[in-house]
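Step one of this worksheet: look at the structure below.
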Amino acid sequence: MAIPSKFDAARVEEKWYSYWMEQNFFASTPDEREPYTIVIPPPNVTGVLHMGHMLNNSLQDILIRRARMKGLNACWVPGTDHASIATEAKVVARLKEQGIDKNSLSREAFLKHAWEWTDEYGGVILQQLKKLGCSCDWDRTKFTLDDDMYASVIKVFVDLYRKGLIYRGYRMVNWDPEAQTTLSDEEVIFVEKPGFLYHIAYAVEGSDEKVIIATTRPETLLGDTAVCIHPEDERYSHLKGKRVIVPIANRSIPIIEDEYVDREFGTGCLKVTPAHDINDKELGEKHKLEVIDIFNADASLNSFGLHYEGQDRFVVRKAIAKELETLGVLVKQEPYQHNVGTSERTKAVIEPRLSDQWFLRMEELAKPALNAVLASDEVNLVPAKFNNTYRHWMENIRDWNISRQLWWGQQIPAYYYGDGKEDFVVAETADEALALAQEKTGNTGLTLNDLKQDPDVLDTWFSSWLWPISVFDGIRFPENKEVNYYYPTQDLVTGPDILFFWVARMIISGYEYRKEQPFSNVYLTGLVRDKQGRKMSKQLGNSPDALKLISDYGADAVRVGLMLSAAAGNDLLFDESLCQQGKNFANKIWNAYRLIDGWEVDENASLNQQNEEALNWYENKFYATLESIEDHFSKYRISDALMAVYKLLWDDFCSWLLEAVKPAYGSPIDQPSLQRIKGLFELNLKLMHPFMPFLTEELWQHMTNRTTEEALIISAWPSPKNFETKILADFELATKIVSGVRNFRKERNLPQKEALPLYLVANANDVNYHSLIEKMAGVETIHWVESAPEQSGASFRVGTLECFIPLAGSVDMEAEKAKLEEELRYAKGFLQSVRKKLENERFVSNAPEKVIAMERKKEADALEKISLLEKSLSAL
């Protein structure tokens with residue numbers, strides 16, 4: 001079938017993705033082959049495709065397609081995350097639109113709504129990934145709330161509890177008033193915000209004296225239970241043992257002493273609010289202070305807020321400042337910049353809050369994971385610059401708050417049988433819990449109705465930290481065939497923003513439950529930013545519609561556009577013009593094959609020497625490039641690997657090889673040449689396939705009739721072969737000569753058809769590919785001479801080789817002379833600037849040797865250029 005004149009990306013994408021799916025090419029089952037496994041970083045179940053997903057999943061697909069072609073049993077497991085906070089927030093918002101308050105529903109009724117939402121919107125992102133060409137084993141798609149995944153999480157909780165690693169504690173936690181749940185320390189983002197430092201006077205009881213307190217949160221004074229001074233601060237030594245009156249609340253509180261107080265900050269007097277500050281809580285415990293919590297769950301004030309009850313904390317902050325001013329106790333209010341903790345998910349300002357929560361002890365668990373990255377190299381972070389970040393986090397790890405005050409997620413398997421804080425048991429099922437409770441209490445009369453399960457759910461990360469194991473059911477059945485075959489996985493592609501949230505925790509769980517790393521390499525992508533360097537966001541309106549890009553440019557073009565500027569660990573400055581560049585590349589390859597396919601063939605002609613030389617060169621060039629591509633892949637320089645393929649196809653294949661073998665207009669090409677060109681083009685398609693799967697499969701299938709077993713997606717990746725560097729060097733010299741002649745024509749507006757004489761100051765043996773040079777440069781004859789002829793003409797150098805072209809009568813001599821003089825002036829000015837640098841002692845003594853060597857080379861090149869220009873002018 002004749003190849004269409006244009007590449008229709010949409011048609012081709014639909015056609016081949018359906019074909020690959022029908023033929024089960026993405027599927028993997030354990031067999032005798034070596035496995036290559038990637039688990040997808042599960043996106044939020046209700047998420048939609050954005051640029052970060054496009055980058056991340058394009059990289060994974062490139063790795064998995066290449067592995068498949070290399071004969072490995074490639075298994076890419078897709079799936080989604082239930083995303084407790086984000087999903088519950090969306091469901092609550094939808095219920096609100098329907099006039100339903102979450103608190104008016106039972107847990108079961110709310111979860112019914114949540115599942116309806118998930119069924120309606122969940123998994124959309126996985127369908128969108130298919131548009132990108134992702135070759136996941138879709139039959140393996142997992143969801144973190146699937147029954148088996150849920151059971152795995154519960155099993156791990158019970159196991160860690162029985163090992164003494166999970167405990168329940170009354171702690172100061174990070175409270176998100178918008179999501180109304182606790183957050184782990186890692187989910188709190190500190191943002192510098194402008195505020196005020198309020199200086200407030202507290203009256204000393206039984207005197208006219210006042211102490212001045214400096215605070216950024218005047219509203220919390222309603223929860224103050226002490227004022228603290230440094231025991232060695234002479235300014236306040238006379239206040240020891242006295243009491244002060246809290247303004248507005250008019251409560252009497254003690255003045256206590258503690259070395260914790262920073263005498264230099266503010267006034268050196270510290271208000272102590274144990275319910276609303278982690279450090280104040282510790283002071284409160286030490287000095288046995290009363291704890292007064294003034295906030296409701298939504299950060300409005302409760303009854304301890306007095307006449308501010310029911311008002312939002314920030315509204316109260318302004319109102320209380322005004323009231324203090326009216327009372328004459330607001331001494332001053334000054335602008336103050338400070339770091340404020342905010343929720344990573346909702347962006348709400350975090351409120352420190354005392355609460356009973358579940359925690360996981362991390363110190364001992366983290367040790368094997370720290371060793372795996374920094375000592376044994378069992379896990380390799382790419383780029384390695386993230387090792388220090390990892391070390392810092394892991395060496396300063398704190399116990400993980402794993403409970404969340406939500407309903408969407410895995411419900412904590414703790415069952416209470418009484419009113420006491422310790423009246424609970426932990427078990428995988430209610431029946432097992434009942435047996436444990438009866439045993440613990442000695443009360444065999446207890447029934448399931450007497451048990452009440454903890455209403456909280458587990459942190460979403462507590463399910464996704466098991467992902468590489470649980471997707472193969474390795475928690476419930478640790479010796480099953482699948483987990484023993486596919487685990488540990490090979491590569492993980494993710495963002496550095498979840499290096500601790502997810503990556504480190506997966507490594508921890510891997511060593512705890514499989515005694516080995518969950519993956520060998522972690523490729524950390526950068527953030528996708530706009531061309532101005534801004535992070536892409538809905539608010540800025542600078543995040544392109546990912547599906548529209550695919551529609552406008554084609555999936556292959558978008559993949560190429562993303563990869564061209566996606567160095568590992570570095571942020572990608574995305575510009576839509578990169579997708580256009582990808583589209584241009586696709587069209588270039590398409591048209592290259594159309595050119596080949598359109599040549600007439602002489603079945604009887606034999607391979608001519610000129611074509612054989614060019615084909616031999618390209619074959620060597622291909623294997624040299626393959627070697628460098630394999631090196632790039634081994635170092636996860638995927639962008640560099642694509643650039644090597646890009647240059648091989650665009651420059652070497654299209655610009656040089658096809659030009660070299662292209663038959664004269666109206667003439668046929670010999671059959672042996674065409675066969676070899678097509679064979680080389682097939683090799684090109686194999687190299688390109690991981691990057692541009694749709695285009696390459698379409699061209700591959702156009703080239704000849706193929707069976708299902710011969711599809712490009714499962715064809716063999718090219719094997720390395722020896723190549724001759726001399727052939728490559730000789731051809732490169734020839735291309736530089738051709739380029740020099742072409743530049744000569746261009747600068748003088750000489751037609752391509754006008755054959756030119758070319759003089760090379762060399763022996764004929766010094767330069768190969770004579771007939772190719774003559775054909776591609778439009779040279780009538782190459783003259784081999786000992787020195788350039790004494791006649792008007794232009795010289796240029798290729799390395800040490802001097803090339804000379806006489807100026808024919810068609811060239812304007814005066815214009816030529818003016819041009820050469822201008823070039824000479826520029827060359828002399830350039831030489832002067834280089835010498836100025838080299839004569840600068842400071843530069844020479846401080847600059848690296850490499851830089852100095854480069855400057856000396858510039859000097860030598862400039863002198864050579866000047867010599868050639870002067871010679872040309874002299875000849876004129």
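The values are calculated or read from the model by the stated rules, or taken from the named source; none is laboratory data. None of these values were measured; they are calculated from a predicted model. Virtual Cβ from ideal backbone geometry, glycine too; neighbours counted across all protein chains shown. Heads up: the accessible areas ignore ligands, DNA and RNA and are worked out on the full protein's heavy atoms, side chains in. Shrake-Rupley method; radii C 1.70, N 1.55, O 1.52, S 1.80 Å.
One table, with the values for the structure above:
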{"read-out": "Qualifying chymotrypsin sites (Phe, Trp or Tyr not before Pro) in region 652-757, DSSP loop, other Cβ atoms within 10 Å at most 14", "value": "665"}
{"read-out": "At R0 = 25 Å, FRET efficiency that the Cβ-Cβ distance of residue 498 and residue 97 yields, to 0.05", "value": "0.20"}
{"read-out": "Inter-label distance, nm, simple model (7 Å from Cα along the C-beta direction), residue 838/residue 534", "value": "4.8 nm"}
{"read-out": "Span from the region 130-185 Cα centroid across to the region 1-67 one, whole angstrom", "value": "27 Å"}
{"read-out": "Antiparallel content of DSSP bridges confined to region 218-327, in %, to 5", "value": "75 percent"}
{"read-out": "Antiparallel bridges, percent of DSSP beta bridges restricted to the chain (to nearest 5)", "value": "70 percent"}
{"read-out": "Additional length obtainable on full extension of the chain from residue 659 to residue 303, 0.36 nm per residue less Cα span", "value": "119.6 nm"}
{"read-out": "Approximate spin-label separation residue 822-residue 608, in nm, with each point projected 7 Å along Cα-to-Cβ", "value": "3.9 nm"}
{"read-out": "As computed over region 302-407, the Cα convex hull volume per residue (Å³)", "value": "208 Å³"}
{"read-out": "Per DSSP, loop trypsin sites (Lys or Arg not before Pro) in region 138-172 with at most 16 further Cβ within 10 Å", "value": "163"}
{"read-out": "In nm, spacing of pseudo-spin labels at residue 322 and residue 208 (7 Å Cα→C-beta vector)", "value": "3.2 nm"}
{"read-out": "Angle in degrees between helix 84-97 and the longest Cα principal axis of the chain, rounded to the nearest 10", "value": "70 degrees"}
{"read-out": "At R0 = 22 Å, FRET efficiency that the Cβ-Cβ distance of residue 192 and residue 391 yields, to 0.05", "value": "0.30"}
{"read-out": "Rg over Rh [alpha-carbon atoms, Kirkwood Rh] for region 733-876", "value": "1.04"}
{"read-out": "Within the accessible area of the chain (1.4 Å probe), percent carbon and sulfur", "value": "48 percent"}
{"read-out": "For peptides 69-79, 445-455, sequence by mean Cβ density within 10 Å, most packed first", "value": "69-79, 445-455"}
{"read-out": "Accessible surface, per residue, of the chain when the full set of protein chains is kept, probe 1.4 Å, Å²", "value": "46 Å²"}
{"read-out": "R0 of 41 Å, Cβ-Cβ distance residue 29-residue 671: FRET efficiency to nearest 0.05", "value": "0.40"}
{"read-out": "Structure-based [θ]222 nm, the chain - -39500 (n - 2.57) summed over DSSP H runs of at least 4, per residue, nearest 500", "value": "-13500 deg cm²/dmol"}
{"read-out": "Potential extension, residue 453-residue 288 segment - 0.36 nm per residue separation minus Cα distance", "value": "56.1 nm"}
{"read-out": "Extension gain from residue 859 to residue 708, taking 0.36 nm per residue of separation minus the Cα-Cα distance", "value": "48.3 nm"}
{"read-out": "Between region 364-383 and region 205-230, the Cα center-to-center distance that results, in Å", "value": "48 Å"}
